[in-house]
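What follows is a set of notes on a single structure, which appears directly below.
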Amino acid sequence: MEYYLLIPFLPLAAFLINILFGKAFLKDKAHWVAIPAVAVSWVVAVMTLMEVIGGRTLNQNIYTWILSGNFRVSVGFLIDPLTAIMLIVVTTCSTLIHIYSIGYMHGDNGYYRFFSYLSLFTFCMLMLVMANNFMQLYFGWEGVGLCSYFLIGYYFDKKSASDAGKKAFIVNRFGDFGFGIGIFVIFLTFGTTYYDQVFAQAGAFAATRYSFLGFDVHLMTLIALLLFCGSIGKSAQMPLHVWLPDAMEGPTPVSALIHAATMVTAGVFLVARCNPIFSLSETAMIVVALTGAITSLFAATIGLVQNDLKRIIAYSTVSQLGYMFLACGVGAYTAGVFHLYTHAFFKALLFLCAGSVMHAMGGELNIHKMGSLKKYMPVTYVTMLLASFSIAGIPGFAGFFSKDEILWLAYSGASPVGKIVWAMGTLVAFLTAFYSFRLIFLTFHGSFRGTHEQEHHLHESPKSMIIPLMLLCIGAVGAGWVGIPHLLGGGAHFTEFMKPVLGHAEGHGTHIEEWTVMGISVLAGLSGIGLAYFMYMLRPELPGKLTQQFSTVHRILFNKYYVDELYSALIIRPTIWVAKNVLIGVSDARIIEAIVNGVPAAIGGFSQQLRRIQTGRIHNYAVFMAMGFLIIAAIMLLRVW
Amino acid sequence: MNMLPQLFFGYFAAALIVMSLLVITRKNPVHSVMWMLLLFFHIASMYLFLNAEFIAAIQVIVYAGAILVLFLFVVLLLNLKDELETDRFIGSWPAGLLVSAAIFVSLAAALQSLVLGQKGNFTVALVQKITHTKALGQILYTEYLFPFEIASLILLIAVIGAIVLAKKRMRSH
Amino acid sequence: MVPLTWYLLLSAAVFSIGVFGFLTRRNIIIMFMSIELMLNAVNISLVAFSHYLQDLRGNIFVFFIITVAASEAAIGLAIIIALFRNKNTVHVDEMHEMKG
């Protein structure tokens, strides 16, 4: 574990080399710098996991950056079970996606730039998960947001892409503002920003009340909700979910890495890491659970009617993130992190398969223009199918174990909203299965609905893209087997592993209840698949008729409940109006320009008047001299001095 | 007759003031120079009154004899015909009057707080015994030799400067 | 005995008359003569001090003042001649090229 510093700093080195020398020297060999770096990080991460499983943890400060009175900020690393799992997730997905990008980004002009930003992102994400204090966490947080902006707007000459990049960054900013204030309150309360000190003292403040902006609030609730603001922004929960679908403008590897597996899960990581604070506040837990559940349902309904391949998967991501928050909100932090871990694999796989399809279809995204691709792209088809089984929660696949754990603990846990969110979660499971298989059937089955041009070019993707798909598929299917619950005869190793950090949420219920809940969720998944099969394979004309009959509902869902339009009218247009008319019109033009132009003009005018003293006539100068003498004499005589 | 010193002083003071006023108010510059000559003689006798016969001699020789002659030369050199018709004073002469009156008032007011220093050892009797010139010479060539040499340098510069400034430009052949 | 302050007042009076002449006359030669007047006023007060404090340093000072006044008068008059050659006038209120 002594080599743990290699994990974040190798990608940083790869970023620096690529960004400095990429344009001139490396060009399309840039991957030879980035991939070994991130692969070695992966190896060290696996070794670290082995050591953590053996029981070793580490909390070390490397370099003190700020030391001011009580306030100390340093670069420090904490390696415990939660970090170890996150390291595996980040480095595995990052390495595989780096390899995938060789094929996907082949021939692109900014090839070196892409790899340098991927390495920078990996560095920031690793700093985020390995931090041992809030300031470093915030640094990593902002860093991944920045890289997200760079990578979403990678095709910067396309206006929609650069707009999407801006949107992601700005919407994140709203969340990060609350997060920042949360860190301030933490410092004010605990006097430190180090996790170990904060969490150790948290219990002492369990009942403290605090005066915030004139309101008397429960301190732990306040802190938890402020921290959750950051999570809402970063993990695209309501109401800050609007950036994630637009982020699909970026290249598909970016969508896979950042907006599926790693960056968006940072919000869940935050809540899990801060579980001592969250557990002390019932209100915050309820807020988290309900936000997660509502977002989950909301996004799933939108995903039902979308036609854009990547957008369906994006809404699926929002929905699954809602699941993770649902879990954390009912106290099942371990289940939430478990779902994070399995979701990373199958969601990244779904995105990469989508990229493979786009690669074959020449960039086409509309699933209604695809069809019967399974005979042209067998590997892609099989891996995507397995990933979809996983996300639908079919028993035996990774997604089943994590989703089932969440639903059982929601139902049987101590949370007051447990049953409600369980019901919503089960409904979402049904919808998830439905839209995932709608996508599969429309894309891979049936008859080809695209143009002849596209049909000629249909081919399986190159090896550099296929091999990561297959490797991820192993994860998507088998990653869950470390967490097989006791009920099914497994050892629940994952839960045991995470117990020291995340606590253990026990479900209070009988075995019969547990079996029933499991059965209901499996039933929901299977019926979703069945309905999709019915509607898209057996009766393909049915969707069209339903769209016409429920056209209003369809329109609302298709337009994402008009949330973007609402924000535009409520927030964006007034802000732009204020900027144009008040800030530019008044304060810039009238006040600042007045000062900036006025002061020199005043000085000029003053000096114009002042130069009239120099008349060129000796008598005037003599009179001035005499007057000067008189003034001094007067001062001295009248003893004013 | 112990009022005699005061009477003498009164005459000289009045003469000095009247003559200085005349100097500055004449239209004809030559008249101004003449009145100044008379003024300098009165000042010289004032010095005699104050037991400084060497200074009186110098006043007459240098001031009246050299400087004023120089002034007269220049006045006669600049052939000023229209001087008698034009205005003597500038337009804003009341301001100048005010300022100079204020200067006099401030100087007079400063006199109220005059504190004399320690008396030296060149009593009147001593100076009369070894003559003023010898006394001055004794100090000048011992204690104040350096300023004396510098004064001679200043005079040298004046000689050179006056020649350079006043000579006509040479046409280059 | 004539008190010292009388001499000093006399000196002040002659000095301020010299100031008045300098500030108000247009002819530069007369202005020069008022400068000489001011210098002489100072000489009077210095010699008076020297007499009343029985110290010869006042006289030494006057000696040097007279020396410097002589050289200054020489150079000043040379400048006036040069000025007259260029401007053809001795009235200083007609010379104001150096105005700002």
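Once the trypsin sites (Lys or Arg not before Pro) in DSSP loops with at most 16 neighbouring Cβ atoms within 10 Å are cut out of chain A, the longest remaining piece is A:159-448. Using equal-weight Cα scatterers in the Debye expression, the normalised intensity of segment A:1-74 in log10 at q = 0.13, 0.17, 0.28 Å⁻¹ is -0.58, -0.78, -1.15. Just so you know, the Rg over Rh for segment B:74-169 is 1.16, from Cα atoms, with Rh as the Kirkwood radius. Taken along its three principal axes, the alpha carbon spread of segment A:74-113 comes to 41, 23, 7 Å, from the longest extent down to the shortest. Taken residue by residue and averaged, Cβ atoms of other chains lying within 10 Å of the Cβ of C:63-69 number 6.
Shown in residue order for segment A:124-129 are the 3J(HN,Hα) couplings computed by the Karplus curve 6.51 cos²θ - 1.76 cosθ + 1.60 at θ = phi - 60°: 5, 5, 5, 4, 4, 7 Hz (x for Gly and Pro). Taking a ≥ b ≥ c as the square roots of the eigenvalues of the Cα gyration tensor, an a/c ratio of 1.5 or more together with a/b no larger than b/c marks segment B:53-117 as oblate.
Compared with the dominant principal axis of the Cα atoms in chain A, helix A:333-360 is inclined by about 90°. Inter-chain Cβ neighbour count for B:124-137, averaged per residue, equals 1 (cutoff 10 Å, partner chain atoms only).
What would the Debye formula give as log10 I(q)/I(0) at q = 0.15, 0.23, 0.27 Å⁻¹ for the alpha-carbon point model of segment A:278-351, no solvent? Rounded to two decimals, the profile gives -0.51, -0.96, -1.12. Between the Cα long axis of helix A:159-190 and the first principal axis of chain A there is an angle of about 80°, rounded to the nearest 10. Per-residue packing, averaged as other Cβ atoms within 10 Å, sorts the ranges A:290-299, A:358-367, A:319-328 into the order A:319-328, A:290-299, A:358-367, beginning with the highest.
All distinct Cα pairs of the protein assembly as shown go into the 1/r average, and the inverse of that average, the Kirkwood radius, is 36.1 Å. Relative to one another, the C-alpha centroids of segment B:102-151 and segment A:383-436 are positioned 115 Å apart. Measuring from centroid to centroid over Cα atoms, what is the spacing of segment A:117-149 and segment C:1-52 in Å? A separation of 87 Å, based on Cα centres. Distance distribution note for segment A:393-486: the fraction of Cα pairs above 21 angstrom is 56%. What the phi angles of segment A:104-110 give under the Karplus curve with 6.51, -1.76 and 1.60, with θ = phi - 60°, is a coupling list of 5, 9, 4, x, 6, 5, x Hz, glycine and proline written as x. With a 10 Å cut-off around each Cβ of B:88-94, the average count of Cβ atoms from other chains is 5. Projection of the Cα convex hull of segment A:356-422, averaged over all directions and equal to a quarter of that hull's surface, yields 6.5 nm².
Sequence-ordered 3J(HN,Hα) estimates for segment A:290-299 from the Karplus curve with 6.51, -1.76 and 1.60 and θ = phi - 60° stand at 5, 4, x, 5, 5, 4, 4, 5, 4, 5 Hz, glycine and proline given as x.
An ellipsoid equivalent to segment C:47-100, defined through the eigenvalues of its Cα gyration tensor, has semi-axes of 38, 13, 8 Å when rounded to whole angstrom and sorted largest first. Comparing chain C with the 2.2 N^0.38 Å rule of thumb, its C-alpha radius of gyration ratio is 1.33 (two decimals). Once the convex hull of all Cα atoms in segment A:40-123 is built, its volume per residue stands at 113 Å³. Separation of segment A:336-358 from segment A:248-282 is 14 Å, based on Cα centroids. Taking amide H positions as modeled 1.01 Å from N, with prolines and chain starts lacking one, the residues under 5 Å from A:ALA131 and 5 or more places away or on another chain are A:LEU78.
So if I take the alpha carbon set of segment A:519-593, get Rg, then get Rh from the Kirkwood formula, what is the Rg over Rh ratio?
Rg divided by Rh gives 1.43.
For segment A:62-201, the share of alpha carbon pairs falling in successive 5 Å distance bins from zero is 2, 9, 15, 18, 18, 15, 10, 7, 4, 2, 0 percent.
Counting only alpha carbon atoms, the long axis of helix A:418-444 and the longest principal axis of chain A meet at about 80°.
Helices that extend 15 Å or more along their long axis by alpha-carbon positions and average at least -1.0 on the Kyte-Doolittle scale are, among the DSSP H runs of chain B, B:4-25, B:29-49, B:93-111, B:145-166. Along chain B, the exposed loop sites are GluC sites (Glu not before Pro) outside DSSP states H, G, I, E and B with at most 15 other Cβ atoms within 10 Å, and the longest stretch free of them is B:1-84. Among the GluC sites (Glu not before Pro) in segment A:480-581, those placed in a DSSP loop whose Cβ has at most 14 other Cβ atoms within 10 Å are A:GLU506, A:GLU541. Per the Debye calculation on segment A:346-458 with a single equal scatterer at every Cα and no solvent contribution, log₁₀ I(q)/I(0) for q = 0.24 Å⁻¹ amounts to -1.25.
Quick one: grab the alpha carbon gyration tensor of chain B, order the square roots of its eigenvalues as a ≥ b ≥ c, and give me rounded if a/c is under 1.5, else prolate or oblate depending on whether a/b is larger than b/c. Oblate is the answer for chain B, as a/c is 1.5 or above yet b/c matches or exceeds a/b.
Where a number appears in this text, it was derived from the coordinates with a stated rule and is not lab data. Every value quoted in this text rests on a predicted model; they were computed, and no experiment measured them. Because the Cβ atoms are built from the backbone with ideal geometry, glycine has one as well, and the counts that use them run over all protein chains shown.
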